[in-house]
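Everything on this sheet refers to the single structure shown next.
Taken together, the values in this text are just the output of simple stated rules run on the coordinates, not laboratory data. Quick caveat, the model's predicted, so the values are computed rather than measured. Glycine also receives a Cβ, built like all others from the backbone with ideal geometry; neighbour counts cover every protein chain displayed.
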Amino acid sequence: MRYLLKTIAEIRRAAHHQPLSIFGTIITILLAMLLPGIFWLAANNMTAVEKRLKANMTVDVFLVDDISQAGIEKLRGELLTLEGVSDITFYSKRDALFRIRESFGQSIIQDLDDNPLPASFSLTVDDTILEPEAADSLVAHLSALDQVEEVVFAREILYRFSSITGSIKRFGIVITVLVIFSGIFISANTVRVAITDRREVVEIMQVVGASRPYILTPFVLLGGLLGLIGAALSSLALWLIAGYVSRNLAELQFLSLHEIIVFILTGLLLGMLGAILATRRYLKV
Amino acid sequence: MTDCAHDRNFKTMLEVKGVTKEYGGRITALSNVSFELEKGEMAFLTGASGAGKSTLLRLIFREEFPTSGEISLGPYNLAELPGNRIPDLRRHLGYVFQDFRLISERTAYENVALSLEVAGKSTRHIRKRVDEVMQQVGVWQRRKSYPRQLSGGEAQRVALARAIANEPLLLLADEPTGNLDMKNSRDLFELFCKLNLQGATVIVATHQVAMASEFGKRILHLEDGALKQDSK
């Protein structure tokens, strides 16, 4: 209890003696952590969109015009045995016409004498088929079937999207690493000033036999507290940004409670790490 | 080395054996100094400025290592003492500096309490012990004063109270009268002698050879880093 009070007193003293430095550190950590926070938010939302895209990804297998009912049933049986195909839906020529009408209106086909649209199977595929090699192999296999006219698997958009998400994640990791180093440096610098301010007291404590943890802990906790406050304010700013984007641009999913806790604890750890470095460098205890 | 500093059943409290301290291989601050100090004994370490008094005290305090030789303090062999046990050693050493070294933002009471706080004593023990030692050195009335509100003599007594609060194995004082007038210096020396009579083992480093001689205590006289006289 006495130890805790001593630590609080040290932190209050530091805040009183170096308010600008303390305030500046919190603001800098807030801004520094905002950047990886934005990347985290973006990556999370893009991953969610990617999942939705994957869930709705289908392979359209268009059939030759003169396929018989028996041929359709035989092909259905074959398609159902394919690995990675979880569901299939058959669209007859009439269904295809109906879907076109639904999408583009009556006028686009009203002058046609005959229905030119082919019957098709729409295959719902699982994640294994979304891998490029598996996808190419499936398309090649389907295209080689007798009754198949054409196979359309519009997976390019998914690949492009995945590639962008991957880039954002990688860039986010680089930014996070940079922020970790800068956060540690900022915290170390502030704690260094606090140590310099308290050098006389530290020396006296050494004289009377204070242990290393007894002397260092208040400084380490000071650094941790600055990191914690900076990260908490940063997550608040992130929440405001996400809210603004959701209202004005596109619906954004904010970080989960678990992720917010990780985010704030990261700030705490950065601050403490910086403080530990400063105490190692500037306190020969 | 026994691990129990509280086991005080040793006759020789301090043993300095052939200690030499050189800086950079060119300056010899101490040269082959040897002496023993028994438990409950008091010695004045005298000599002119630069004679090596402060260097010897720093070696005993384990601020520095001797270039050669050995120092033992009670259960501690300082050469074998690992770095993480230095605070433990210092809790069993009282140190009084010429410049008092009091924390300016703490009251006299809080300054004395510090040495007990770092030793992990209970609040009740601290309160009782601080009252005792402040009364013992005659500054209890000034317990609520801040260092800037104390005279030099009072400040040094507060520093002395802090040094003896943990009942140290050895009380070291490095030119404790350096900032005091003659009367306060004499009073302070008398106080050290009183503490010694009560059982404390004491070394007082001073350049005031004449005054030190008045108290009939052992004199260890250093000249150019060598022990020239031991009055034992």
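Can you tell me the dipole magnitude for the stretch B:102-167 around its Cα centre, using point charges on the Cβ only (Lys, Arg +1; Asp, Glu -1), in Debye to the nearest 20? Numbers along the way, then the final one.
On the way: 12 positive and 7 negative charges, 32 e Å.
About 160 debye.
Across all directions, the average projected area of the convex hull around the alpha carbons of the stretch B:102-167 is 3.8 nm².
With equal scatterers on the alpha carbons only and no solvent term, can you work out the Debye log10 of I(q)/I(0) for the stretch A:58-154 at 0.16, 0.19 1/Å? With no solvent term, the Cα-only Debye profile gives -0.69, -0.91. Across the stretch A:232-245, coupling constants 3J(HN,Hα) worked out from phi with the 6.51/-1.76/1.60 Karplus curve, θ = phi - 60°, read 5, 5, 5, 5, 5, 4, 4, 5, 5, 5, 4, x, 5, 4 Hz, and Gly and Pro carry x. I want to make sure I understand the PRE zone here: with the label point 7 angstrom from the Cα of residue B:20 toward its beta carbon, which residues in the stretch B:51-85 have backbone N atoms less than 19 Å away? So the set is B:51-53, B:55-57, B:59-60, B:64-72, B:79. Note on the protein assembly as shown: with charges restricted to the Cβ of Lys and Arg (+1) and Asp and Glu (-1), its dipole about the Cα centre is near 3980 debye.
In the protein assembly as shown, taking the dipole from charged Cβ atoms about the Cα centre, the farthest positive-side position among B:173, A:72, A:191 is held by B:173. Over all other residues within a Cβ to Cβ distance under 14 Å of residue A:70, the charged ones net out to -2, with Lys and Arg as +1 and Asp and Glu as -1. Legend: residue pairs A:54/A:169; A:51/A:74; B:39/B:183; A:51/A:93, Cα-Cα distance threshold 27 Å; pairs beyond threshold, A:51/A:74; B:39/B:183; A:51/A:93.
Computed from the C-beta positions of residue B:81 and residue A:259 and an R0 of 56 Å, the FRET efficiency is 0.70 to the nearest 0.05. Relative contact order, whole percent, for chain B stands at 29, derived from Cα pairs under 8 Å and 6 or more residues apart. To the nearest ten degrees, helix A:132-143 and the longest principal axis of the Cα atoms of chain A are 10 degrees apart.
With +1 assigned to the C-beta of every Lys and Arg and -1 to the C-beta of every Asp and Glu, and no other charges, what is the dipole magnitude of the stretch A:58-154 about the Cα centre in debye, to the nearest 20? Each step should come with its number before you reach the end.
Numbers: 6 positive and 20 negative charges, 76 e Å.
The calculation lands at about 360 debye.
Excluding same-chain neighbours fewer than eight residues apart, the lysines reachable from residue B:21 by a Cα-Cα span under 23 Å are A:284, B:53, B:228.
In the stretch B:117-232, Rg over Rh equals 1.00, where Rg is the alpha-carbon radius of gyration and Rh the Kirkwood radius from pairwise Cα distances. The H on the amide N of residue B:178, modeled in the peptide plane, is under 5 Å from the matching H of no residue at least 5 residues off or on a different chain. Read phi for every residue in the stretch B:80-88 and hand back ³J(HN,Hα) as whole Hz from Karplus 6.51 cos²θ - 1.76 cosθ + 1.60, θ = phi - 60°, with x for Gly and Pro. Along the stretch B:80-88, the couplings run 9, 6, x, x, 6, 9, 4, x, 4 Hz. Students often forget the sequence filter, so: which aspartates and glutamates lie under 16 Å Cα-Cα from residue B:11 once same-chain residues fewer than 8 apart are removed? Within the straight-line limit of under 16 Å, residue B:11 reaches these aspartates and glutamates: B:36, B:38, B:41. In terms of its C-alpha gyration tensor, the stretch A:35-105 comes out oblate, because a/c is 1.5 or above while a/b does not outweigh b/c. Evaluated over the Cα positions of the stretch A:1-134, the convex hull gives a direction-averaged projected area, one quarter of its surface, of 17.7 nm².
For the stretch B:8-96, state the semi-axes of the equivalent ellipsoid (square roots of 5 times the eigenvalues of the alpha-carbon gyration tensor), sorted largest first and rounded to whole angstrom. All intermediate terms of the calculation are to be shown ahead of the outcome.
Details: eigenvalues 87, 51, 30 Å².
Calculated on Cα positions only, the semi-axes equal 21, 16, 12 Å.
Ranking A:158, A:204, A:132 by Cα position along the charge dipole of the stretch A:127-211, where only Lys, Arg, Asp and Glu carry charges on their C-beta atoms, puts A:204 farthest toward the positive end. Both the radius of gyration and Dmax for chain A are 31.0, 103 Å, in that order, over alpha-carbon atoms. For the stretch A:252-259, the Karplus equation 6.51 cos²θ - 1.76 cosθ + 1.60, evaluated at θ = phi - 60°, returns couplings of 10, 8, 7, 4, 6, 4, 4, 5 Hz by residue, with Gly and Pro reported as x.
Note on the protein assembly as shown: antiparallel DSSP beta bridges, both residues inside, total approximately 65 percent of the bridges counted.
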